[in-house]
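Report on one structure; see the data block that follows.
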Amino acid sequence: MKLYVYDHCPFCVKARTIFGLKDTAFDLVILLNDDEATPKRMIGKKMAPILEHDGRYIAESMDIVAHVDGLSGDRVLTGASNPALTDWNSEVTGPLYSLAIPRWANAGFEEFSTPAARAYFTRNKEAMLGSFKDHWRPAPTISRR
C-alpha cells in the first residue's frame with residue numbers, strides 16, 4: 001500500500017493516523033505541491049491524500065480510514081460521530097486556515113522542497129485568502145476566537 005500525502009495537510013494526517021492505530025505497514029510518498037500530473041493520473045484531480053492499494057486508488061481521507069480500518073482484525077473506529085465536534089470543526093476551519101496556511105507556506109515541509117513547489121502553493125492559496133502578509137498581523141485576534 002502507498003499513501004500519497006502532503007505533510008501540511010490535515011486530511012492527510014487523518015489518513016495517516018489509521019495506519020498507526022492499526023499497526024499497518026505502508027509506503028509514504030510525499031508529493032511536491034506543484035505536481036499536478038501524479039494525482040490527476042490516479043484520481044483525475046489534484047488532491048491528497050490518495051491511497052494506492054491492490055491496483056485501485058482511494059482519494060477521500062475518511063474513505064481511506066474506513067478502508068484501512070476494515071483490512072484486518074477488529075475495527076478500531078466503531079463509535080458514533082459526534083455532531084458537536086463536527087459543528088465545532090466547521091466553525092474553526094476558516095480562522096484556523098487563515099492562521100495556518102500562510103505559516104505552512106514558510107515551513108520546511110518536503111512538499112515545498114523546490115522553489116517552484118513553494119511558489120505554486122503560495123500563489124494558489126493567496127488567490128483564496130489574499131496576501132499572506134495580511135494574515136500574519138491579526139493572529140492574536142483570530143486565535144482568541
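The values are calculated or read from the model by the stated rules, or taken from the named source; none is laboratory data. The shown structure was predicted, so the numbers you read here are calculated from the model rather than taken from an experiment. Neighbour counts run over all protein chains shown; Cβ positions are idealised from the backbone, glycine included.
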Next item on the list: Please work out if PHE121 is within 15 Å of ASP34 (Cα to Cα) and either in contact with an Asp or Glu (Cβ under 9 Å, 6 or more places away or on another chain) or surrounded by 11 or more Cβ atoms within 10 Å (Cβ to Cβ) (or both).
Entry: yes
Next item on the list: Being among the hydrophobic types (A, V, I, L, M, F, W, C), closer than 15 Å to HIS67 by Cα and not in a helix (DSSP H, G or I) is the filter; apply it to region 6-28 and report the residue that is farthest from the chain's Cα centre (by Cα).
Entry: ALA25
Note to self: Of the conditions (1) under 19 Å from the mean Cα position of the chain (by Cα); (2) of a type in the set (A, V, I, L, M, F, W, C); (3) over 21 Å from SER113 (Cβ atoms), LEU31 satisfies every one except a single condition; which number is it?
What the structure shows: (3)
Item checked: Matching entry among ALA80, ALA66, ALA117 (being closer than 27 Å to LYS2 by Cα and without any contact (Cβ under 8 Å) to a residue 40 or more places away in the chain) -> ALA66
Notebook entry, point to check: Out of (1) under 17 Å from the mean Cα position of the chain (by Cα); (2) over 20 Å from ALA15 (Cβ atoms); (3) part of a loop (DSSP other than H, G, I, E, B), what's the single condition that is false for SER131?
Noted result: (1)
Check: Being of a type outside the set (Asp, Glu), crowded, with 17+ Cβ neighbours inside 10 Å and either modelled with pLDDT of 90 or more or not assigned by TED's automatic domain parsing to the domain that holds LYS22 (or both), is that true of even one residue in region 70-85?
Finding: no
Check: If you check TYR97 against the conditions, is it modelled with pLDDT of 95 or more and among the aromatic types (Phe, Trp, Tyr)?
Finding: no
Item checked: From PRO39, PRO102, residue being part of a helix (DSSP H, G or I), surrounded by 16 or more Cβ atoms within 10 Å (Cβ to Cβ) and not assigned by TED's automatic domain parsing to the domain that holds GLY130 -> PRO39
Check: If a residue has to be in contact (Cβ under 8 Å) with a residue 40 or more places away in the chain and in contact with a Leu (Cβ under 9 Å, 6 or more places away or on another chain) to count, how many in region 1-25 make the cut?
Finding: 13
Check: In region 35-71, what residues are among the hydroxyl-bearing types (Ser, Thr, Tyr) and in contact with a strand residue (DSSP E or B) (Cβ under 8 Å, 6 or more places away or on another chain)?
Finding: THR38, TYR57
